[in-house]
Amino acid sequence: MKRLPSGAAVDLFETLDSTSLEAKRRAAAGEAGPRWFVALRQTAGYGRRHRAWSQQAGDFAGTLLLRPQAANNTLGQISFVAALAVASALDELIDPALISLKWPNDILIKGGKAAGLLLERVDNPKGPLLAIGIGVNIVSAPKNTPYPAARLVDHVPSAPAPQTLAARIDDHFWRYHGEWAANGFAQTRRLWLARARGLGEAIIVRLPNEEITGVFEDLDETGALILRSDAGKRIINAGEVYFQEAGQER
């Protein structure tokens, strides 16, 4: 077992069904973290709404299990902390100007989705745990996805090993997490908005029962998207964002 400078443990697997499933199994067995589960290959990776997450050997699949010391109603804000951490880790490898953030939990390279996040709460008698699943397209960019994909290898001389990327993400995560834990969401929100794609522009938000077009105005104090449409202001807590560009299926 390896430990990172933060103190977080790392378990590296050649093959695993899902790093998030492993994190939840370990949590059920008493593990409280912080601990990373990183798989060089996943056979049943998944993202939001349990959509399959495609991964090839060389891509990054990792889940950080931790016990957050925060109020339950603020735990969703950690997705913004994690997004900033992934973006900052990629900043070390490519031009930061190529990287942007897509609400609620995607990281883009030149407008294509290069990474995604999934927060899952794991209840525990001693308090809730969070499993933060992170997938990064290092060597592959899946085709026929709802949103165009990108891969890191197209922008770097050599691709980082997944375990190396885990260490980079971990370093940035705890820096942003410390700021958030000490001072609340305001600074995290400001930093996230500074890298947000589509801010101040017309976007399309797909909800379970409707599709809305409007201007992405802001995030509220909880991280919900504020959309200004012809019908007025909407506060959106969950949805799929698309930009009004060619090549994006909806």
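The values are calculated or read from the model by the stated rules, or taken from the named source; none is laboratory data. Predicted, not measured: the structure shown is a model, and the values here were computed from it. A quick note on method: Cβ atoms are made from the backbone with ideal geometry, for glycine too, and the neighbour counts reach across all protein chains shown.
Filter segment 77-97 down to residues that are under 20 Å from Pro148 (Cβ atoms) and not β-branched (Val, Ile, Thr) and give me whichever is surrounded by the fewest Cβ atoms within 10 Å (Cβ to Cβ). Break it down stepwise before answering.
To start, the set of residues in segment 77-97 that are under 20 Å from Pro148 (Cβ atoms) comprises 83, 86-87, 90, 94-95, 97.
Filter again for not β-branched (Val, Ile, Thr), leaving 83, 87, 90, 95, 97.
Working: Ala83: 27, Ala87: 24, Leu90: 26, Asp95: 11, Ala97: 8.
The selected residue is Ala97.
Within segment 129-146, the set of residues being part of a loop (DSSP other than H, G, I, E, B) and more than 15 Å from the chain's Cα centre (by Cα) comprises Val139, Ser140, Ala141, Pro142, Lys143, Asn144, Thr145, Pro146.
Within the option set Asp154, Asp218, being within 23 Å of Val86 (Cβ to Cβ), of a type in the set (D, E, K, R), touching a helix residue (DSSP H, G or I) at 6+ places or on another chain (Cβ under 8 Å) and not in a loop (DSSP other than H, G, I, E, B) holds for one residue only, Asp218. Scan segment 1-23 for residues that are touching a Leu at 6+ places or on another chain (Cβ under 8 Å) and within 19 Å of Tyr46 (Cβ to Cβ) and the total you get is 5.
Checked against the criterion of being assigned to a helix (DSSP H, G or I), among the hydroxyl-bearing types (Ser, Thr, Tyr) and within 19 Å of the chain's Cα centre (by Cα), segment 185-206 contains one or more residues that satisfy it. Residue by residue through segment 167-195, note down the ones that are buried (at least 18 other Cβ atoms within 10 Å of the Cβ) and among the aliphatic types (A, V, I, L, M). Passing the criteria: Ala167, Ile169, Leu191. Is it the case that segment 98-118 has a residue that's β-branched (Val, Ile, Thr), modelled with pLDDT under 95 and either buried (at least 17 other Cβ atoms within 10 Å of the Cβ) or farther than 24 Å from Arg197 by Cβ (or both)? No, segment 98-118 contains no residue that is β-branched (Val, Ile, Thr), modelled with pLDDT under 95 and either buried (at least 17 other Cβ atoms within 10 Å of the Cβ) or farther than 24 Å from Arg197 by Cβ (or both).
Considering every residue within segment 11-29, establish whether at least one is touching a residue at least 12 places away in the same chain (Cβ under 8 Å) and within 30 Å of Glu217 (Cβ to Cβ). No: segment 11-29 contains no residue that is touching a residue at least 12 places away in the same chain (Cβ under 8 Å) and within 30 Å of Glu217 (Cβ to Cβ).
Considering the conditions (1) assigned to a loop (DSSP other than H, G, I, E, B); (2) of a type outside the set (S, T, N, Q); (3) more than 21 Å from Arg189 (Cβ to Cβ), Val10 is excluded by exactly one of them, (1). If you go through segment 8-21 and pick out every residue that is modelled with pLDDT under 95 and closer than 13 Å to Asp170 by Cβ, you end up with 0.
Condition test on Val122, is it among the β-branched types (Val, Ile, Thr), in the same structural domain as Gly7 (by TED's automatic domain parsing) and farther than 28 Å from Ile94 by Cβ? Yes.
Going residue by residue through segment 239-248, is there one that turns out to be within 24 Å of Leu93 (Cα to Cα) and part of a strand (DSSP E or B)?
No, segment 239-248 contains no residue that is within 24 Å of Leu93 (Cα to Cα) and part of a strand (DSSP E or B).
Criterion applied to Thr63, Thr74 was being closer than 20 Å to Leu129 by Cα, among the hydroxyl-bearing types (Ser, Thr, Tyr) and either surrounded by 22 or more Cβ atoms within 10 Å (Cβ to Cβ) or at pLDDT 95 or above (or both), and the one residue passing it is Thr63.
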